[in-house]
Amino acid sequence: MPIESVLHPSLIVPVGHVEPVPRRIRGTIGGRVVFDTRRALYVWERQAYPQFSIPVEDLVEGALHDDKHMEQRGAGPAHRHTLRVGAEIRAGSAWVWGEGAPGALRDTVRFEWDALDSWLEEDEPVFVHPRSPYTRVDALRSGSSVRVELDGVVLAEAAGCVKLFETGLPTRYYLDRATVDWTRLRHSDTVTRCPYKGTTSGYWSFDGDTASHEDIAWTYDFPTVEAHRIAGLTAFYNEHVDLRVDGFLLPRAADPGRPTRHTSAPGPVS
């Protein structure tokens, strides 16, 4: 059995890890700049991806209002604050790191991502969460054959594919649309975003004889430049279908959780 059918690289960054961000980072609310900094830090509150932590000095004056509440975050204790910019109020959406957190985080603030209307790395928007400097996303053309089945029904069969390799996630197999049996699939209104690949263009579900399987396939019509090879192709969740690659049945990957309709879904989609 090929090694790719059972293994993918693990995440290696420990929780609480802190590193400098070598990019200019900006955040806005209601068209106003909340911060503009070249001194941001990456902080890993979970292994999968980092968050930005911004020097308090680089926020617009008067933006933070102490809620007088401290809680334990992934990297240590932090004091919760409400964010106010003009008439816009984001209650309890910011945490200033306290004593017991890594020393480099002192006098920096970590925001709930959705509390800001937009985030920019240099002059490019970034969605869902910061791009990890330790994550690779490679889309490679492959002659591997792929057969997709569910409840005994063949949903797709292709003589080749584009394999998308993303650190910490199972390999995804992107197929030409002509190889998919669209008569078996039902379009859904789910939309997800990925900081590495962009915004999905469509999701599809399958109604079998005994059960319905929601959102098992997706497409990026206009992915990021780095993932351009998957443009217009369709992938199926390894976690929810039976995938045969070069004739070998792949074990189903662990379920990362379903995407959320009309909202952001970090990493698991791939």
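The values are calculated or read from the model by the stated rules, or taken from the named source; none is laboratory data. Values in this document were obtained by computation on a predicted structure and should not be read as measured data. Because the Cβ atoms are built from the backbone with ideal geometry, glycine has one as well, and the counts that use them run over all protein chains shown.
Things to note:
- Among the candidates LEU164, LEU155, LEU243, residue that is surrounded by 18 or more Cβ atoms within 10 Å (Cβ to Cβ) and farther than 29 Å from THR135 by Cα: LEU155
- PHE206 satisfies every condition listed in (1) under 17 Å from VAL154 (Cα atoms); (2) modelled with pLDDT under 95 except (2).
- For GLY92, the conditions (1) assigned to a loop (DSSP other than H, G, I, E, B); (2) at positive phi are fulfilled apart from (1).
- When HIS262 is tested against (1) touching a Ser or Thr at 6+ places or on another chain (Cβ under 7 Å); (2) modelled with pLDDT under 95; (3) not acidic (Asp, Glu), only condition (1) is not met.
- Qualifying positions in segment 181-207 - buried (at least 18 other Cβ atoms within 10 Å of the Cβ) and assigned to a loop (DSSP other than H, G, I, E, B): THR190, VAL191, THR192, PRO195, TYR196, LYS197, THR200
- Leading residue by the ranking (surrounded by the fewest Cβ atoms within 10 Å (Cβ to Cβ)) among those in segment 100-124 that are under 16 Å from the mean Cα position of the chain (by Cα) and either not in a strand (DSSP E or B) or not assigned by TED's automatic domain parsing to the domain that holds PRO50 (or both): ASP114
Residue by residue, here is whether (1) among the polar types (S, T, N, Q); (2) part of a strand (DSSP E or B) holds:
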residue: THR28; (1), (2): yes, yes
residue: VAL33; (1), (2): no, yes
residue: ASP36; (1), (2): no, yes
residue: GLU45; (1), (2): no, no
residue: PHE52; (1), (2): no, yes
residue: GLU57; (1), (2): no, no
residue: GLY62; (1), (2): no, no
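- Condition met for ALA40 (among the small types (Gly, Ala, Ser), surrounded by 16 or more Cβ atoms within 10 Å (Cβ to Cβ) and modelled with pLDDT of 95 or more): yes
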